[in-house]
Every structure is written in C-alpha cells, then in structure tokens.
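The values are calculated or read from the model by the stated rules, or taken from the named source; none is laboratory data. Computed from a predicted structure; not experimentally measured. Glycine also receives a Cβ, built like all others from the backbone with ideal geometry; neighbour counts cover every protein chain displayed. To get the accessible areas, we keep the full protein, side chains included, count just its heavy atoms, and leave off ligands, DNA and RNA. Shrake-Rupley method; radii C 1.70, N 1.55, O 1.52, S 1.80 Å.
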Amino acid sequence: MAMDRHDKEKEMASVLLSSLYGNVISSAQIRLGFVLLLEAVDDLAVDIPAVVDVLALFIARAVVDDILPPAFLSKAKASLSESSKGFQVVQIAEKSYLSAPHHAELIERRWGGSTHITVEEVKKRIADLLKEYIKNGDTAEACRCIRELAVPFFHHEVVKRALTLGMESPAAEALIVKLLKEASEECLISSSQMMKGFSRVSESLDDLILDIPSAKSEFQLLVSKAISEGWLDSSYVHSGANGSVEDDEHEKLARYKREAVSIIHEYFLSDDTTEVIRSLKELGYPEYNPIFVKKLITIALDRKNREKEMASVLLSSLSMELFSTEDIAQGFIMLLESAEDTALDILDASDELGLFLARAVIDDVLAPLNLDEISSKLPPDCSGAETLNMARSLASARHAGERLLRCWGGGTGWAVEDAKDKITKLLEEYESGGDVGEACNCIRELGMSFFNHEVVKKALVMAMEKKNERTLTLLQECFSEGIITINQMTKGFSRVRDGLDDLALDIPDAKEKFLSYMEHAKKSGWLLPSFGVVSAA
C-alpha cells in the first residue's frame, strides 16, 4: 500500500515496521514478508511502475534500521531468477543504496519523513525564533513560528529555552512571560507541555546556577507568577522549595552527576575500563551507582554504535568489579521510567534501550528473572514496559547471543562460529612456533574485543591439553598491550572454571593446572586477587 502512495506514507511504513520488529513481528516474519514482496515484483509492476526502485529502497532502509540482516540480500539473490524483477530489486538495494558513502543517512532522509527531522534542527529553530522574538517583541509572529514548527510534543523545549532566556536577561523576562502566557491562552502550548518545560528547568537548576547565580530565586518567582496568572497549573510543585538538608543533597547529587559525565566522556575517548573503575572508587558515593548506569546509557543512546558497544562492555566490567545487580537493575528502572522523555530527544531511544537490556542479559549482567523484577517496579502504564517486553523477546530469541553480541556492529559481522574457528587457528599457529607479535596482531584484527574471553578460554584449555604453557605468554602480552582487558580475562577464566568438571574427563589434572594458571594470572595482574575457584551462587 505504501509503495502506491506518497513519500510521507513510505516513511511512515518504514517507521512502523521498525516499531513492530521484535515485539510484535519476529525477524523471521519480516524476512518472509520481504521474500513474498520480491517474488511478487513482476505482478506489482503492472500497478506500480516504479516498484523495482521503491522496493529496493524499502529493503535498504530495513537493513539500515536493523530489521533485516545484510545477509538477507545474498540469500534472496540465490533464490531468485536472474531474469526476474525481484533479482533487480536486490541488486539495486545492494549496489545503488547500501554501497554508497554515508548510505545510512541518505537512506533515512530519502523520503524526507518529518519523523526524521533531527532534534538538533528543531532545537536550533526554537532558539532562533526566541532570539528573534526578544529583538522585535512580536508575540503573534512568535506564536505563528511555534505553530509552524509542527512539533506539539516538543513544546516543552520552547518553554525550557524561553524560561532560561528570561533568567539570563532581566530585560527579556517580561517578554518571555507575555509569550508563554499568550501561547497558553491560545492553547498553542498545552498544560502538560508547559509543566514539563518548567520541570526540565527545575531539574537543571544546579547546572544553571554556574552561569546564572540567581537562577533558583529567579525561577521560583517565575513559577509563582505563572501559577498566579493561570498559565501554569497550580498542581505544579517546584521540587527545589525544600529545606537545607535537601539542598545539600541536591548539591552532592549535582556534583556527582557532573563528575560521572566527565568520567563517561573520558572513557569514550580512552576505552579504559580500569580507569573508570578507579575513578568511581575515588569519587565514592556507591549509593549513586544506579545514576551512573542511567547516565552512561543515556549518553551512549545519543552517540554512535561504537559508544553503545563500549557502554555495554563497561557495564559488564562494572558488574564484575564494582556494581551490584541491584545497582544495575535500578539504573535500568530509572531509564525505563524516563523513556518517554528520552524518546523526545532521541527518536529511537526505546528500541536501543531494549537492546541494552537484552545485551545485559546475554552478558550475564542481569538474569532473565531481573527483567521480571524490573517490570514489577515500574509505575502503571509506563511506556518503558513495552521496551522491557521487546528486551525479553530479543534475549529469548533463537541465536540471541550471537545476534546481540553484534547488535551494534561490535566486530566484523562474522558469525560466532567463524570467530571461534579463527581464534583456534591463530592459537594453534602461535603454539606451533608462531611469533607473539603476529598473534597479537591477529587478535587485534579480529575486531571483536567484546569476544576476547573466547581467546582466553581457548588459550587456557590449549595450555592444559598440550602440557605447554606457551599460550600463557601470549595472554601476558595481550594484557600488557591492552588488547585483552581484565574484564575479558576474568570472563575467560570464569568460563574455564565453570567447565572444569567436563575438562577433567579428558585432562585428569585440569583442576590443578587451572589453579596454577589462576595464581600466575593474579600475580601478573591479569586477574583481580578476589577471583576464586568457586563462583558465588
């Protein structure tokens, strides 16, 4: 139906498919749907002359949106006749769309869908119209510009920016009050958007006072004026009007948040999980661990796949060395409770947050049971419940581990079995007299740092089987060069430890050898001194 309509409907169809994927429609059903379309292209061309190009774009968009795997294209081509229009569709999707530079951005904007106007563009337009209003004082013109933005769900940003401008410039305050009052009376800005805008300013007051020392008192005056004049609902309660104990707590929390953001930004530059753990221990405040989890994922959500992958890896490290399962679960609860607001700034936040939750289950950061506990603690009708259901579906799907370990392209897109085979071959080559530098390069070139625990596991088992500890020298070098992190070392040792009973059937002294390797690793600094033979129940 969309192919026979305008670009607006095509864009809406792609957005809907992405929303339904994983929660309502399985990946297998999505694939089958596109196969049926490819098989029907010759018939569809009778009614839709441009069907070949349009369907190619739909398929390319599905790949970019991660609802079709790239491998779908080669499999579809193999099943279609080379003379068919369906074959042409796949070729165009592959060569004209998915091979182009910056193809993801081009494909997402091809239909010019209003759903894909970036948040930054909207924010800039709002900032520009408010600056223009402060210059000319034309309230009617400002209201017209707000209406033309056509983003009523984002009017809280208008309120937030307007209030901030009013606090920054006393001369502008009267104009800002006039604009917000008129926008409210004309029902241009709804009561809920007005309250949300005030709430966002309230939450950022600790940051604002760094630039506007009188921000708290100025804001309280604006709240009183807005309520008394009737353009802010009297049910609004300003959370800052509490006693000095709460103010001290707010200041401590604000300081922690600033430090946490700085640590996270530094981590995304350095990729050093050990430094993050050291910094958090030095900072103190373990009671704020859930807030760190929320900040980490919120910042990653608004960045590229590299940072999302790094955030998942860091969560795994923190769960082993510093944070409790309860800390991480509470962090996700906070994220899910604010999912609706986050989605206003980051359009695909819900889907990405579902991936973070599912990935946490695959990485053993959370147990599947924890998802039920998180669900029980969410408020009724919370939009985060849908995200949680999506995470359950993703984590319980066939080959979930393989898919989720590569959900952000954390490696090369190989299947896990391919990666295991490459790891085995490079270790065998090294063990039979290969060069340690070359072996390190091979591990680095795998590009699957999140899967280096497999290198550790295979190296330890090979050392046991061959009665030759040469592979331990490789692990030492990998650790020294930062190729394998302490987190991946720990995970690799844990996997061997958990399989010792099976290993002992073929290697009678497996437990004794493992103990000696473990002590060697602790002395060399690859493992934390707290690592033990028996894992906690």
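What the phi angles of the range 162-171 give under the Karplus curve with 6.51, -1.76 and 1.60, with θ = phi - 60°, is a coupling list of 5, 4, 5, 4, x, 6, 6, 10, x, 5 Hz, glycine and proline written as x.
Note on residue 178: accessible area is roughly 100 Å² with a 1.4 Å probe, heavy atoms of protein only.
In order along the range 203-212, the phi-based Karplus estimate (6.51 cos²θ - 1.76 cosθ + 1.60, θ = phi - 60°) of 3J(HN,Hα) comes to 5, 9, 4, 4, 7, 5, 5, 5, 9, 10 Hz; Gly and Pro are listed as x. Phi angles of the range 173-179 translate, via the Karplus equation with coefficients 6.51, -1.76, 1.60 and θ = phi - 60°, into HN-Hα couplings of 4, 4, 5, 5, 4, 4, 5 Hz per residue; Gly and Pro are given as x. To the nearest 10 degrees, how steeply does helix 436-446 sit against the main Cα axis of the chain, on a 0 to 90 scale? Taking Cα atoms only, the helix is inclined about 40 degrees.
Ordering 478, 407, 187 from largest to smallest accessible area (1.4 angstrom probe), what's the sequence?
Order by accessible area, largest first: 187, 407, 478.
Amide H to amide H, with H built 1.01 Å from N, residue 204 comes under 5 Å of no residue 5 or more places away or on another chain.
Candidate cross-link partners of residue 252 among the lysines, defined by an alpha-carbon separation under 21 Å and a same-chain spacing of 8 or more, comprise 216, 281, 294, 295.
Of all the accessible heavy-atom surface of the chain, with the other protein chains kept in place and a 1.4 Å probe, what percent is carbon and sulfur? Provide the component values of the computation, followed by the final result.
Values: 13830 of 26540 Å².
For the chain, the apolar C and S fraction of the accessible surface comes to 52 percent.
Calculated mean residue ellipticity at 222 nm for the chain: -22000 deg cm²/dmol, from DSSP H runs with n ≥ 4 weighted as -39500 (n - 2.57), summed, divided by the residue count and rounded to 500.
In terms of the mean number of neighbouring beta-carbon atoms within 10 Å, the peptides 312-325, 363-376, 463-476 order highest first as 312-325, 463-476, 363-376. Other residues whose C-beta falls under 10 angstrom from the C-beta of residue 145 contribute a net charge of -2, scoring Lys and Arg +1 and Asp and Glu -1. Helix 244-270 and the longest principal axis of the Cα set of the chain meet at an angle near 50°. Taken about its Cα centre, the chain carries a charge dipole of roughly 480 debye when the Cβ of each Lys and Arg holds +1 and the Cβ of each Asp and Glu holds -1.
Based on protein heavy atoms only, the chain ends up with 49 Å² per residue of surface accessible to a 1.4 Å probe.
With the charge dipole of the chain set up from +1 on Lys and Arg Cβ and -1 on Asp and Glu Cβ about the Cα centre, the Cα lying farthest toward the positive end among the listed residues 154, 180, 387 is that of 387. State which entries of 491/513; 466/511; 77/422; 124/178; 225/257 exceed 25 angstrom in Cα-Cα distance in the structure shown. Listed pairs above 25 Å: 77/422; 225/257.
Give the relative contact order (percent, whole number) for the chain; include only Cα pairs under 8 Å separated by 6+ residues.
On the way: 504 pairs, mean separation 42.3, N = 537.
Averaging sequence separation for qualifying contacts and normalising by length gives 8 percent for the chain.
Taking only Cα atoms, what is the 0 to 90° angle, nearest 10, from helix 289-301's long axis to the longest principal axis of the chain? Helix 289-301 sits roughly 80 degrees off the main axis of the chain. Look at [x] 29.1, 100; [y] 27.5, 86; [z] 29.3, 108: the one that is Rg and Dmax of the Cα atoms in Å derived from this structure is [y].
Distance between the 7 Å Cα→Cβ label points at residue 466 and residue 377: 4.7 nm.
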